[in-house]
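For reference, the structure is listed below as structure tokens.
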Amino acid sequence: MESVWMEDIKIRRREALPGDMEAPAAVIGAGLAGILTAYYLKQAGIRPVVLEADRIGSGQTKNTTAKMTSQHNLIYGWLIRAFGSRMAEHYAMANEAAIGEYERLISEKGIACDFVRCPSYLYSRTGAELLKQEAQAAQSLGIKASFGTDCELPFSVAGVTRFEDQARFHPLKFLAEMAEEVEIYEQTKVLKVEDRKVETDRGTVTAEHIVFASHYPFINVPGYYFARMHQERSYVVALEDAGRPKGMYLGIDRDGLSFRTCGNFLLLGGGSHRTGVNRRGGAAAGLMSAKGGVGDRYGMLRDRARELYPGCHEVARWSAQDCMTLDGLPYIGRFSRHRPCWYVATGFGKWGMTTAMVSARILTALIGGRDCPEADIFSPGRHFTAKAAKKLAVHGAYTVKGLAKHLLPGGNKEIIPNCPHMGCRLEWNPDEESYDCPCHGSRFDSKGHLIDGPAQTDCRKKIQH
Ligand code: FES
């Protein structure tokens, strides 16, 4: 089923790349990050060419809940401890500025995209202390934050951390208008990137600067992003006749949910789990439905919806796939010191709206040779924290397990395919009827056709049911 954003939007189709060409910059990926980066490059006098394998906005931009906020779960206390106040402030202010920049662009260009300023909240039903600390940490960095107990949700809470002047909007209405500003080639799949050459199935683009804004970088070496990120899936149901809170909410407890009003609907989200880990005892074990089904995250959300808003109706459901970095901060900047003209924007976690804007501003500054003090905290080469080391060990364990399993026969006489990315055994995802890779998150439909990278090809082996 498609997201609510897809219902009332038509984005103008573009031609495929007509053949070989040269351009000052090539941007791979026509989602929010790619198109915004291309827009600001053009403003800076650097002509970009955007290459999109499918259609504009056909990747993760259409699956977001489109919360535009600097409130990225519990982050500021940890950021201050791990990187110091100055770097933490750069992170906070870059994200706050991103909201303001969206508002400026929307107003300047008269884009009708349902932009609304609203507060954003973290809530907990079990404890207030972490929320108080987060509010204090955010305040100390210049964010208008406070702790309280007032809440519009239909249950009592131990506390909330409130950020003022955050926002929500319709991401595809915005994207459709911004896409009119830049040169985009659709149905143009990038096959290989070598030095300054981007080789596609339609021709080659030779560019001084190359930006990877295609969600998960598909190049393994250099950069080694596959070793530094995993992917997570999360689920959303759109409800009619449910509450319509003015604020946006995210629970910090293990079974916490996301709430966000969208016109007459409420978007209720949750059930997040590592892509490819669907079994009891896996990372998603705590997120089973009330009925105890393995998987069935939509079932869990429906049960919660009925319990919280009796009489509500589901009008849409969809899921999102997010790239998660080792320390929870995105990777924005130079791709690798071995490729000085390559740039990357990835690992946005659940915070793609503000991070897309932050990426566009930072990458444009770096490519234009301008100073950008806030770039350091987002740099893919930033220092390695204890948190990152712990995640690296977990990530490594999943990869070893996934690689080891490909040597075993599949259960139920089913031929379970191996992932064409690096060979891990795929897992069946019953919620979405897809084969998902627990190593780095590639996904394939029941026939083995590629849905999400970093894999670049379909599964070679036919799946038999
Ligand atoms: Fe890397 Fe499957 S995504 S092995």
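Quick note: the coordinates plus some simple rules give every number you see, no bench work behind them. Everything numeric in this text was worked out from a predicted model, so none of it was measured. Don't worry about glycine lacking a Cβ; one is built from the backbone with ideal geometry, like all the others, and counts go over all protein chains shown.
How much net charge surrounds residue 338 when only other residues with a Cβ under 15 Å from its Cβ are counted (Lys, Arg +1; Asp, Glu -1)? My count for the surroundings of residue 338 gives +2.
Panel order for 322, 54, by other beta carbons found within 10 Å of each beta carbon, from fewest to most: 54, 322.
Scanning residues 5 or more positions from residue 339 or on other chains, none has an amide H under 5 Å from its amide H, with H placed 1.01 Å from N in the peptide plane.
Ranking 351, 21, 48 by how far each Cα lies toward the positive end of the dipole of the chain (charges on Cβ) leaves 351 at the top.
Taken as Cα centroids, region 211-272 and region 120-184 sit 14 Å apart, rounded to the nearest whole angstrom.
Computed from phi, the 3J(HN,Hα) profile of region 90-106 under the Karplus parametrisation 6.51, -1.76, 1.60 (θ = phi - 60°) reads 4, 4, 4, 6, 5, 6, 5, 5, 4, 5, x, 5, 4, 4, 4, 4, 4 Hz, with x in place of Gly and Pro.
Here, region 38-97 is characterised by an Rg to Rh ratio of 1.12, where Rg is the alpha-carbon radius of gyration and Rh the Kirkwood radius.
Over region 204-281, the pair-distance histogram of Cα-Cα distances with 5 Å bins from zero comes to 3, 11, 14, 14, 13, 12, 12, 9, 7, 3, 0 percent, rounded to whole numbers. The region of the chain that goes longest without hitting one of the chymotrypsin sites (Phe, Trp or Tyr not before Pro) in a DSSP loop, each with at most 12 other Cβ atoms within 10 Å, is 156-383.
If you bin all the Cα-Cα distances of region 1-144 at 10 Å, starting from zero, the percentages per bin are 9, 28, 31, 22, 8, 1.
Of the residues 312, 231, 437, the one whose Cα sits farthest towards the positive end of the charge dipole of the chain is 437 (charges of +1 on Lys and Arg Cβ, -1 on Asp and Glu Cβ, taken about the Cα centre). Counting only DSSP beta bridges whose two residues both lie in the chain, roughly 75 percent are antiparallel. Of the GluC sites (Glu not before Pro) found in region 1-32, those in coil by DSSP whose Cβ has at most 15 other Cβ atoms within 10 Å are 2, 7, 15.
Could you pull out the trypsin sites (Lys or Arg not before Pro) across region 363-408 that fall in loop regions by DSSP (anything but H, G, I, E, B) with no more than 11 other Cβ atoms inside 10 Å?
In loop regions of region 363-408 (DSSP not H, G, I, E or B), the sparsely surrounded trypsin sites (Lys or Arg not before Pro) are 370.
Rg/Rh for region 82-133 (Cα atoms only, Rh after Kirkwood) is 1.13. For the chain, the list of Cys residues with no other Cys C-beta under 4.7 Å reads 113, 118, 151, 262, 312, 323, 341, 372, 459.
Shown here: the chain, whose C-alpha atoms stretch 60, 58, 45 Å along the first, second and third principal axes, sorted largest to smallest. Note: relative contact order over the chain, using C-alpha pairs below 8 Å and six or more positions apart, is 18 percent. When only alpha carbons of region 295-354 are considered, Rg and Dmax amount to 18.6, 58 Å. Could you estimate the translational diffusion coefficient of region 173-228 from the Stokes-Einstein equation, with Rh from the Kirkwood formula over C-alpha pairs, at 10 °C and 1.306 mPa s, in whole µm²/s? For these conditions, the coefficient is 120 µm²/s.
Using Stokes-Einstein with the Kirkwood hydrodynamic radius over Cα pairs, what translational diffusion coefficient do you get for region 308-453 at 20 °C and a viscosity of 1.002 mPa s, in µm²/s rounded to a whole number? For the chosen part, D equals 119 µm²/s.
Using unit Cβ charges (K, R positive; D, E negative) and no other charged atoms, how large, in debye to the nearest 20, is the dipole of the chain about its Cα centre?
1180 debye
Distances between placed amide hydrogens fall under 5 Å for residue 451 paired with 443, 444, 445, all partners being 5 or more residues away or on another chain.
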